[in-house]
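The values are calculated or read from the model by the stated rules, or taken from the named source; none is laboratory data. Note that the coordinates shown come from a computational prediction; the quantities given were computed from them, not determined experimentally. Backbone-built Cβ (ideal geometry, glycine too); neighbour counts: all protein chains shown.
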Amino acid sequence: MRRLLLSRAQYLIVVGPAGSGKTTLAAAFGRWIEENQGLRVAYVNLDPGAESTPYRPDVDVRRWVTVQRVMKERGLGPNGALIASVDEVYARRGEVLEEIAGLGADFVIVDTPGQMELFLFHESGPAISRELAKLGAASALMLFDVSLARSPSHFATLRLMGLVAQLRLEVPAVVALSKGDLRGAERVGAWARSPHALLEDLKLEPGVVSELAGRLVEAMNEFSLAARIPVVSAVTGEGFRELYDILHEIWCACGDLT
Ligand SMILES: Nc1nc2c(ncn2[C@@H]2O[C@H](COP(=O)(O)OP(=O)(O)O)[C@@H](O)[C@H]2O)c(=O)[nH]1
Ligand SMILES: [Mg+2]
């Protein structure tokens, strides 16, 4: 069973809020995998609003639809055009998926629209992730800027968002914090490494919300939902090894995610 999984392609769907560093990470992590794991990496751009990408996309939705064209043709503003573009991608998902299926790579990194909600809370995200899971071993990487995790309860909510991604996309989701090279990332690292440290610090935070956050963390720990949250940096490559190991454990279902 394990060999069977490893012989199929691995699909990593990168999701997260606008500006969290999805596109930058796709390029840097892909390069790291090529150089350190010797795998053939392919890149898929599902963002019709992308201006340019630091990787060369092997499959690019902008071949079919761009936000610029939709704005011009339908006289829409940037937000309306982005939503209409994602609808168009959804309508053409058969063609997009056919190209992805023909890639012949070991590891496929799928970059998604800048705005997370347009992928997670629209039909297109779940529809695409379900199909990728049929092609190989698929999982989602939920990326958040490390600055969003400055308090223990904020950190806990990000883990919860990983759970939301997992439920919406129906594939295992790993949360990672991006821009670990920026100042202030050190404290967050302790909570990321140890759910116990997080629970202790949550107890020090006043208010009913921190208590609720503590209970949620305990429940997530109990169900062994990927508790490790790597802090990564596309600038220094920090955390890439840990992220790769977590993904590998998920795909071969052989590891302890806590
Ligand atoms: N310092 C730092 N900046 C980053 C990192 N990753 C991305 N950025 C910056 O964050 C901004 C948004 O990145 P982008 O990849 O376009 O985000 P996306 O909207 O999620 O695709 C850009 O200005 C990047 O240069 C990182 O690891 N460290
Ligand atoms: Mg992007």
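Search the range 33-57 for residues that are in contact (Cβ under 8 Å) with a residue 40 or more places away in the chain and of a type in the set (D, E, K, R) and pair each with any residue that is away from ligand 1 (no atom under 16 Å from the Cβ) and part of a helix (DSSP H, G or I) when their beta-carbon atoms are under 8 Å apart and the residues are at least 6 apart or on different chains. Listed by first residue and then by second, the contacts come to 40/34. Based on what the data block shows, is residue 183 of a type outside the set (Gly, Ala, Ser), closer than 19 Å to residue 148 by Cβ and away from ligand 1 (no atom under 16 Å from the Cβ)? Considered against the rule, which asks whether it is of a type outside the set (Gly, Ala, Ser), closer than 19 Å to residue 148 by Cβ and away from ligand 1 (no atom under 16 Å from the Cβ), residue 183 comes out as no.
Which residues, counting only those in the range 218-239, are at pLDDT 85 or above and in a helix (DSSP H, G or I)?
Keep residues of the range 218-239 that are at pLDDT 85 or above, which gives 218-219, 229-239.
Correct list: 218, 219.
Among the residues of the range 15-53, those identified as more than 7 Å from ligand 1 (Cβ to nearest atom) and of a type in the set (D, E, K, R) are 31, 34, 35, 40, 47, 51. Condition check for residue 52 on (1) closer than 23 Å to residue 161 by Cβ; (2) in a loop (DSSP other than H, G, I, E, B); (3) hydroxyl-bearing (Ser, Thr, Tyr): one failure, at (1). Among all residues of the range 3-18, there is at least one that is small (Gly, Ala, Ser), out of contact with any Pro (no Cβ under 9 Å at 6 or more places or on another chain) and modelled with pLDDT under 95. Number of residues in the range 72-88 that are of a type in the set (D, E, K, R) and loosely packed, with under 14 Cβ neighbours inside 10 Å: the value is 3.
Filter the range 89-129 down to the residues that are of a type in the set (Asp, Glu), within 16 Å of residue 14 (Cβ to Cβ) and surrounded by fewer than 20 Cβ atoms within 10 Å (Cβ to Cβ) and list them by number. Listed by number, the list holds a single entry, 117.
Yes or no: the range 102-110 includes at least one residue that is over 30 Å from residue 239 (Cβ atoms) and under 17 Å from the mean Cα position of the chain (by Cα). Full working, then the answer.
Of all residues in the range 102-110, those over 30 Å from residue 239 (Cβ atoms) come to 102.
From the residues that got through so far, the ones that are under 17 Å from the mean Cα position of the chain (by Cα) too are none.
The answer is no, given that none of the residues of the range 102-110 is over 30 Å from residue 239 (Cβ atoms) and under 17 Å from the mean Cα position of the chain (by Cα).
Pairs are defined by a Cβ separation below 7 Å, a sequence spacing of at least 6 or placement on different chains, a first member in the range 138-157 that is at negative phi and buried (at least 18 other Cβ atoms within 10 Å of the Cβ), and a second member that is part of a strand (DSSP E or B) and among the basic types (Lys, Arg); no pair meets this definition. Among the residues of the range 170-195, the one identified as free of Cβ contacts under 8 Å to residues at least 24 places away in the same chain, in a loop (DSSP other than H, G, I, E, B) and more than 16 Å from residue 214 (Cα to Cα) is 183.
Would you check if there is a residue in the range 56-69 being part of a loop (DSSP other than H, G, I, E, B), more than 18 Å from residue 13 (Cβ to Cβ) and of a type in the set (Lys, Arg)? Give the derivation first.
Initial filter on the range 56-69 (part of a loop (DSSP other than H, G, I, E, B)): 56-58, 64-66.
Remaining after also requiring more than 18 Å from residue 13 (Cβ to Cβ): 56, 64-66.
Filter again for of a type in the set (Lys, Arg), leaving 56.
Checking the range 56-69: at least one residue is part of a loop (DSSP other than H, G, I, E, B), more than 18 Å from residue 13 (Cβ to Cβ) and of a type in the set (Lys, Arg).
Report yes if residue 48 is of a type outside the set (A, V, I, L, M, F, W, C) and more than 12 Å from ligand 2 (Cβ to nearest atom), otherwise no. Judged against the criteria, residue 48 is not a match.
Please report, ordered by residue number, the helices (runs of 4 or more DSSP H) entirely within the range 71-161 with at least 2 residues that are within 16 Å of ligand 1 (Cβ to nearest atom) and either closer than 26 Å to residue 177 by Cβ or among the polar types (S, T, N, Q) (or both).
Details: elements: 78-91, 93-101, 117-120, 124-135.
Those helices (runs of 4 or more DSSP H) span 78-91, 117-120.
For residues that are of a type in the set (Val, Ile, Thr) and in contact with a Leu (Cβ under 9 Å, 6 or more places away or on another chain), scanning just the range 42-71, find the one that is surrounded by the fewest Cβ atoms within 10 Å (Cβ to Cβ). Step by step, filter the range 42-71, then rank; the result is 59.
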